[in-house]
2 protein chains.
Amino acid sequence: MTRPSHLEVSRMTMEYATRYRTRSHLPPDAGTPYFVEKGMGDRAHLFGDLITVYAGGEQTGNTFNFFTCEGPKGKIIPAHLHADTYEVFFVTQGAVRLFVEDLEGRQQEKLLTSGDFGFVPRNCPHAYRIERHHSQIVGVAARPGGTFERFFESLGTPTDELGLPAAPYVPAPDRFGTVPQRYDVRFLPDHEWRV
Amino acid sequence: MTRPSHLEVSRMTMEYATRYRTRSHLPPDAGTPYFVEKGMGDRAHLFGDLITVYAGGEQTGNTFNFFTCEGPKGKIIPAHLHADTYEVFFVTQGAVRLFVEDLEGRQQEKLLTSGDFGFVPRNCPHAYRIERHHSQIVGVAARPGGTFERFFESLGTPTDELGLPAAPYVPAPDRFGTVPQRYDVRFLPDHEWRV
């Protein structure tokens with residue numbers, strides 16, 4: 001293949017074969033500038049949600065990731081924490097209630113709408129509930145030297161679809177015993193939100 | 001001051017004194033969960049733009065930052081690069097044309113509208129031009145062990161205002177010789193975009 005001219009590069013939407021997808025708009029390495037049109041990141045279904053990864057450890061030199069999460073108005077997701085990972089919740093559409101507990105056990109919740117921001121430090125239990133259909137959360141997360149964006153397709157399933165799952169994707173029970181800890185995710189089945 | 005009850009915490013919008021602001025919604029340390037309503041991050045004016053910081057090194061254990069940039073439809077900003085810093089441009093409103101050059105000198109540009117994503121690896125020259133009024137870019141950036149979000153108020157100026165600068169804030173010329181390098185920013189005055 002001949003190298004594309006500058007003009008061709010400027011008009012193309014590049015696709016790459018990566019370790020995660022046969023066709024991805026995310027390059028497999030950290031030195032390549034790239035663009036991803038809305039919705040066209042690496043997609044996964046987990047329960048009722050669509051997670052779309054736009055950047056992860058391979059692209060950022062393991063400094064941070066960038067993904068979106070969309071889901072139906074519904075139940076609160078299971079409480080969990082990340083022992084070493086800091087996480088941003090930035091709502092761009094709809095309304096999402098974020099629940100978070102600090103390191104001293106004090107709980108807070110807040111309804112976030114478009115443009116509102118929530119921050120969850122490492123080791124803080126948290127959960128959220130989507131309170132309007134067609135809501136979207138932008139997520140950014142990192143621990144020193146690593147990122148967890150492939151958790152969603154590892155516990156859930158990769159998809160080429162652009163929308164929410166037609167039916168919720170429920171992981172096999174044994175997956176909960178092996179997958180979360182690889183991505184610094186710890187579910188807290190006995191956790192209660194008092195707020 | 002007595003410690004607020006859980007209910008009070010859940011209803012409050014906390015304010016903190018930090019090294020950057022006498023009143024900030026960003027806590028001064030990395031262990032505190034927090035919420036910031038739309039527009040209420042730490043704000044700065046630089047040229048015609050409003051930059052709003054929602055999280056930075058102090059909150060994320062120096063792993064990444066999260067900020068927004070809003071500006072009028074206008075001229076392309078000066079080309080620059082970050083020798084060690086990876087940077088995300090995610091457009092949430094309007095239209096922004098992102099220009100980026102890869103490590104081999106190939107240039108690309110793309111018009112990003114709401115939901116579109118662009119990624120600039122370290123050491124890659126880049127610039128952008130806001131092409132619609134009321135556009136907004138979400139930025140995330142990091143280098144291993146550090147972040148640059150206070151560049152904007154160090155070259156520009158902190159502000160309590162919520163909107164764009166009434167008149168552009170133009171830094172004194174000598175500031176360009178001292179501030180950018182403290183934040184891994186290098187301007188490229190002779191750079192030309194051929195795309």
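The values are calculated or read from the model by the stated rules, or taken from the named source; none is laboratory data. Since this is a predicted model, take the numbers as computed values, not measurements. Cβ: placed from backbone, ideal geometry, glycine included. Neighbour counts: every protein chain shown. We work out accessible area using only protein heavy atoms, side chains counted, and drop any ligands, DNA or RNA first. Shrake-Rupley method; radii C 1.70, N 1.55, O 1.52, S 1.80 Å.
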Report task. Give region A:91-107 a look and list any residue that's touching a Cys at 6+ places or on another chain (Cβ under 9 Å) and either open to solvent by 10 Å² or more (accessible area, probe 1.4 Å) or of a type outside the set (A, V, I, L, M) (or both), or say none. Result -> A:101, A:102, A:103
Query - From the options B:109, B:104, B:131, residue that is among the acidic types (Asp, Glu) and within 17 Å of residue B:80 (Cβ to Cβ) - result: B:109
Query raised in the report: Restricting the search to region A:176-186, which residues are surrounded by 13 or more Cβ atoms within 10 Å (Cβ to Cβ) and at pLDDT 95 or above?
Result: A:179, A:180, A:183, A:184, A:185, A:186
Requested in this report: Determine which member of the set A:132, A:122 is touching an Asp or Glu at 6+ places or on another chain (Cβ under 7 Å), basic (Lys, Arg) and part of a loop (DSSP other than H, G, I, E, B).
Outcome: A:122
**Report entry** Number of positions in region B:111-134 that are surrounded by 23 or more Cβ atoms within 10 Å (Cβ to Cβ) and either touching a Gly at 6+ places or on another chain (Cβ under 8 Å) or of a type in the set (A, V, I, L, M) (or both)
**Finding:** 5
Report summary line: Across region B:135-162, the tally of residues that are assigned to a loop (DSSP other than H, G, I, E, B), facing chain A (nearest Cβ under 8 Å) and among the β-branched types (Val, Ile, Thr) stands at 0
Report summary line: Flagged in region B:167-195 as within 13 Å of residue B:80 (Cβ to Cβ), β-branched (Val, Ile, Thr) and in contact with a strand residue (DSSP E or B) (Cβ under 9 Å, 6 or more places away or on another chain), in numbering order, are B:185
Query raised in the report: If we keep just the residues of region B:27-62 that are within 26 Å of residue A:56 (Cβ to Cβ) and hydroxyl-bearing (Ser, Thr, Tyr), which is farthest from the other protein chains (Cβ to nearest Cβ)?
Result: B:52
**Report entry** Some residue of region B:167-178 being part of a strand (DSSP E or B), among the aliphatic types (A, V, I, L, M) and more than 10 Å from chain A (Cβ to nearest Cβ)
**Finding:** no
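Can residue B:88 be described as facing chain A (nearest Cβ under 7 Å), open to solvent by less than 20 Å² (accessible area, probe 1.4 Å) and touching a His at 6+ places or on another chain (Cβ under 7 Å)? Steps first, answer last, please.
Values: facing chain A (nearest Cβ under 7 Å): yes; open to solvent by less than 20 Å² (accessible area, probe 1.4 Å): yes; touching a His at 6+ places or on another chain (Cβ under 7 Å): no.
Criteria not met by residue B:88.
Here is a list: A:75, A:38. Which entry is charged (D, E, K, R) and modelled with pLDDT of 95 or more?
None of the other options fit; the residue is A:38.
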Query - Residues of region B:63-77 classified as facing chain A (nearest Cβ under 9 Å) and farther than 12 Å from residue B:152 by Cβ, total - result: 3
Query raised in the report: Are there any pairs, at least 6 apart or on different chains, whose C-beta atoms fall under 9 Å, with the first in region A:153-175 and farther than 16 Å from residue A:71 by Cα and the second open to solvent by 70 Å² or more (accessible area, probe 1.4 Å) and part of a loop (DSSP other than H, G, I, E, B), and if so, which?
Result: A:160/A:23
Query raised in the report: Tell me, which strands (runs of 3 or more DSSP E) lie completely within region B:28-114 with 3 or more residues that are touching a residue at least 40 places away in the same chain (Cβ under 8 Å)?
Result: B:42-46, B:49-55, B:66-71, B:86-93, B:95-101, B:107-113
